[in-house]
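Chemist: Would you mind keeping the following structure in view while I ask a few things?
The values are calculated or read from the model by the stated rules, or taken from the named source; none is laboratory data. If you're wondering where the values come from, they're calculated on a predicted model, not measured in any experiment. We place every Cβ from the backbone using ideal geometry, glycine too, and count neighbours over all the protein chains shown. For the accessible areas, the whole protein counts, side chains as well, though only heavy atoms, and no ligand, DNA or RNA atoms are used. Shrake-Rupley method; radii C 1.70, N 1.55, O 1.52, S 1.80 Å.
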There are 2 protein chains.
Amino acid sequence: MSKKTIRLLMPQWQGGDNPNYSFGAELLAWLAPDHDQPLIKVPVQAYDGTPLVNENGMHGRTQLLEQLEAAEHIIQAHKPDRIVMFGGDCLVEQAPFAYLNERYGGELGLIWIDAHSDLVRYVGYDNGHTLPLGNLLGEGDPEFARHVKVPLKPENVFMAGLTAPTEQETEVIHRLGIKTVGTEELSNSTEVIKEWIRKSGIKHLAIHLDLDVLDPTKFRSLLFANPDKPYDLSPAGTMPIPQLLHLIKELSEETEVVGLGITEHMPWDAINLKHLLGEIPILNT
Amino acid sequence: MSKKTIRLLMPQWQGGDNPNYSFGAELLAWLAPDHDQPLIKVPVQAYDGTPLVNENGMHGRTQLLEQLEAAEHIIQAHKPDRIVMFGGDCLVEQAPFAYLNERYGGELGLIWIDAHSDLVRYVGYDNGHTLPLGNLLGEGDPEFARHVKVPLKPENVFMAGLTAPTEQETEVIHRLGIKTVGTEELSNSTEVIKEWIRKSGIKHLAIHLDLDVLDPTKFRSLLFANPDKPYDLSPAGTMPIPQLLHLIKELSEETEVVGLGITEHMPWDAINLKHLLGEIPILNT
């Protein structure tokens with residue numbers, strides 16, 4: 001029987017406290033190839049001009065928890081074999097990956113393609129999108145981690161493209177024994193990841209793709225590449241798109257990919273152009 | 001009676017000999033605000049991998065003429081009062097602006113917001129998109145100019161944002177007496193254009209907007225801002241988006257805008273991301 005795959009569109013912005021993530025999600029879903037996979041929208045409270053409240057160290061905590069539950073309900077309504085998630089800030093991946101780990105007996109493999117670990121809070125930056133991997137491992141934020149019925153095994157997680165981790169991130173990575181490989185090493189060979197898949201017997205793999213793993217001087221639709229602010233390139237990614245595609249293809253050949261999340265798309269030009277078009281009189285009268 | 005406005009989507013790429021213009025047109029139309037203006041697609045021969053033939057100094061001349069005629073037929077089928085054209089290379093504007101000049105008794109005003117004059121051929125660059133304004137003035141390429149039943153009056157044309165014209169362009173501009181104003185001067189005041197509108201008695205105005213008038217370090221969805229090639233910034237535009245919007249709003253208050261063409265959109269990030277998504281196995285199986 002063929003696998004049942006659903007696509008979720010979750011234009012969540014509260015996890016990064018930036019409404020532009022919502023439009024990034026919509027454009028991402030529009031760019032995806034046509035397919036008979038159903039596209040289901042997860043309800044998200046749209047930005048209405050009201051600033052998010054910092055609730056116990058997280059902006060928009062209540063909304064984020066409500067939206068997490070909405071995603072969980074939609075997934076339970078469909079009970080798919082495979083899930084593609086279009087975000088939105090990267091906290092959108094918690095619901096699908098937690099479901100897939102349960103669905104595959106707690107043995108889900110997860111490759112975290114990202115310039116950031118998403119394991120811990122950063123002091124002075126109270127946004128939920130720094131925590132999805134922490135939550136999935138049963139750490140992170142207790143109110144979110146509680147939603148993960150079967151936490152992923154740290155030995156089933158591999159981080160690719162991590163750039164300049166903080167001391168605190170490095171501590172967690174070492175304590176949990178999470179494997180990592182940098183973009184430069186991967187540019188020579190993906191063997192280290194394929195060997196991990198074989199040795200660990202990973203039969204089902206989820207791929208987290210935070211677009212900020214890409215080099216923002218080549219792919220400019222990222223938070224770090226805001227044309228109206230000087231580039232803040234640290235700690236930005238360095239991966240070229242062809243290398244990313246090669247990696248995803250290699251993973252897909254090595255094992256069965258059952259989950260894919262694509263997040264943190266911030267298409268500045270399209271945002272600015274849409275705003276321009278929205279203000280031109282002949283297009284609106 | 002309210003004005004009848006149509007939107008045309010013409011994903012023509014042959015005029016710039018670059019298939020990316022087609023996708024740029026599609027994305028542009030998708031970004032436009034929802035409205036009850038009908039969106040009509042002008043048939044264009046999609047790129048199928050066959051290189052264009054250089055026919056008498058123009059790549060794809062036959063296709064470009066066929067597509068010009070298709071646009072003319074669609075406009076004649078609707079006989080609108082106002083036309084919005086989403087390109088595509090900027091040759092797409094010939095049909096709507098020639099029609100509007102006839103529709104308004106040969107007295108159409110035209111503001112040419114562009115880093116380039118689009119008046120003449122450049123030696124060694126045999127692409128039709130260097131000629132639309134020339135054609136509309138009865139100069140340009142004879143096979144195209146012949147389609148313009150009532151050529152525009154040069155005194156009814158104003159160029160805004162022209163950057164580094166060649167000697168040949170300068171000659172034509174002086175010979176025809178076309179007014180020009182640079183981006184820097186416009187940043188202080190749009191009065192020179194508004195005065196022209198008042199003094200010339202322009203009752204109906206068309207706006208040509210070639211996106212390459214914009215500063216490509218701020219708006220990167222332009223031919224000149226290819227992330228895989230070193231920037232070739234000459235002669236690129238320098239206008240910021242807020243200034244462009246201000247100009248369009250001022251024009252729209254000063255007189256009746258009956259035509260708008262937006263062209264030369266080349267959204268590199270979206271093109272590269274769409275290609276990536278099109279190759280990811282889980283999205284295609």
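Chemist: Name the long-range amide H neighbours of A:Val257: under 5 Å, sequence gap of 5 or more, or other chain; modelled H, no Pro or chain starts.
Modeler: A:Leu205
Chemist: Turning to a different aspect of this structure: Which of A:His275, A:His208, A:His116 ends up with the largest GNM mean-square fluctuation for chain A, with Cα atoms connected below 10 Å?
Modeler: A:His275
Chemist: Here's a follow-up. At a 1.4 Å probe, which residues in region B:238-274 are at least 50 Å² less accessible with all protein chains present than in their chain isolated?
Modeler: B:Ile241, B:Leu245, B:Asp269, B:Leu273
Chemist: Rolling a 1.4 angstrom probe over the protein heavy atoms, how many square angstrom per residue are accessible across region A:208-270?
Modeler: Roughly 33 Å² per residue, with all protein chains present.
Chemist: Carbon and sulfur atoms: what percent of the 1.4 Å accessible area of region B:5-283 do they account for?
Modeler: Reported share for carbon and sulfur atoms: 52 percent.
Chemist: Under a no-solvent Debye model with one identical scatterer per Cα of chain B, what's log10 I(q)/I(0) at q = 0.11, 0.12, 0.14, 0.17 Å⁻¹?
Modeler: Each listed q corresponds, in turn, to -0.60, -0.72, -1.01, -1.56.
Chemist: If you don't mind, there's one more thing I want to ask. If the chain between A:Thr217 and A:Tyr122 were fully stretched, how many nm would it gain, using 0.36 nm times the residue separation less the Cα-Cα distance?
Modeler: 31.7 nm
Chemist: Looking only at the protein assembly as shown, where both bridge partners belong to it, what percent of the DSSP beta bridges are antiparallel (to the nearest 5)? Display every interim value, and only then the final one.
Modeler: Details: 6 of 72 bridges.
Antiparallel: roughly 10 percent of the beta bridges in the protein assembly as shown.
Chemist: Compute the label zone of B:Trp30 within region A:219-258: residues whose backbone N is under 18 Å from the point 7 Å along Cα-to-Cβ.
Modeler: A:220-222
Chemist: Just subtract the alpha-carbon distance of B:Glu195 and B:Glu66 from 0.36 nm times their residue separation and send over the number in nm, one decimal.
Modeler: On the way: separation 129, 0.36 × 129 = 46.44 nm, distance 3.89 nm.
Result: 42.5 nm gained on full extension.
Chemist: Further question on the same structure: In sequence order, what are the phi-derived ³J(HN,Hα) couplings for region B:214-224 according to the Karplus relation 6.51 cos²θ - 1.76 cosθ + 1.60 with θ = phi - 60°, rounded to whole Hz, with x for glycine and proline?
Modeler: Residue by residue, region B:214-224 yields 7, 5, x, 7, 10, 10, 9, 8, 9, 3, 6 Hz.
Chemist: While we're here: In Å and on Cα atoms, what radius of gyration and Dmax does region A:196-280 show?
Modeler: 16.6, 59
Chemist: While we're here: If you add up the charges near B:His73, with Lys and Arg at +1 and Asp and Glu at -1, over every other residue whose beta carbon is less than 12 angstrom from its beta carbon, what do you get? Please list the in-between numbers first.
Modeler: Details: positive: B:Lys79; negative: B:Glu66, B:Glu69, B:Glu72.
Spelling it out: positives minus negatives among the neighbours equals -2.
Chemist: What number, rounded to the nearest 500 deg cm²/dmol, is the helix-based mean residue ellipticity at 222 nm of chain B, given -39500 (n - 2.57) per DSSP H run of at least four residues and division by all its residues? Working shown, then result.
Modeler: Details: 11 runs with 105 residues, N = 285.
After summing the helix terms and dividing by residue count, I get -10500 deg cm²/dmol.
Chemist: How large is the Kirkwood hydrodynamic radius of region B:90-233, in angstrom, based on all distinct alpha carbon pairs?
Modeler: Final number for the Kirkwood radius of region B:90-233 is 15.8 Å.
Chemist: Another question about this same structure. So for the protein assembly as shown, considering every pair of alpha-carbon atoms, how many percent are separated by more than 47 Å?
Modeler: 22
Chemist: Under 20 Å from the 7 Å Cα→Cβ point of A:His78, by amide nitrogen: which residues of region A:16-40?
Modeler: A:22-40
Chemist: Cut-off under 16 Å on the C-alpha distance; same-chain residues fewer than 8 positions from B:Lys203 excluded. Which aspartates and glutamates are left, in chain and number order?
Modeler: B:Lys203 reaches B:Asp81, B:Glu102, B:Glu107, B:Glu155, B:Glu195, B:Glu250, B:Glu253, B:Glu254, B:Glu256.
Chemist: If you filter region A:199-285 for chymotrypsin sites (Phe, Trp or Tyr not before Pro), then keep DSSP loop positions with at most 14 other Cβ within 10 Å, what is left?
Modeler: Working: sites: A:Phe219, A:Phe224, A:Tyr231, A:Trp268; in loops: A:Phe219, A:Tyr231.
Passing sites in region A:199-285 are A:Tyr231.
Chemist: While we're here: Given all pairs of different Cα atoms, what value in angstroms does the Kirkwood hydrodynamic radius of region A:45-126 take?
Modeler: Numbers: mean 1/r = 0.0682 Å⁻¹.
Answer for region A:45-126: a Kirkwood hydrodynamic radius of 14.7 Å.
Chemist: If each of B:Glu102 and B:Glu185 carries a label point 7 Å out from its Cα toward its Cβ, how far apart are those two points in nm?
Modeler: Spacing of the two 7 Å Cα→Cβ label points: 3.4 nm.
Chemist: Based on the Cβ-Cβ distance of B:Gln45 and A:Asn284, what FRET efficiency does E = 1/(1 + (r/R0)^6) give at R0 = 35 Å, to the nearest 0.05?
Modeler: Efficiency at R0 = 35 Å is approximately 0.60.
Chemist: Grab the beta carbon distance between B:His275 and A:Lys149, set R0 = 25 Å, and tell me the FRET efficiency rounded to 0.05. It would help to have the intermediate numbers written out before the result.
Modeler: On the way: r = 37 Å, r/R0 = 1.49.
Computed FRET efficiency for B:His275 and A:Lys149: 0.10.
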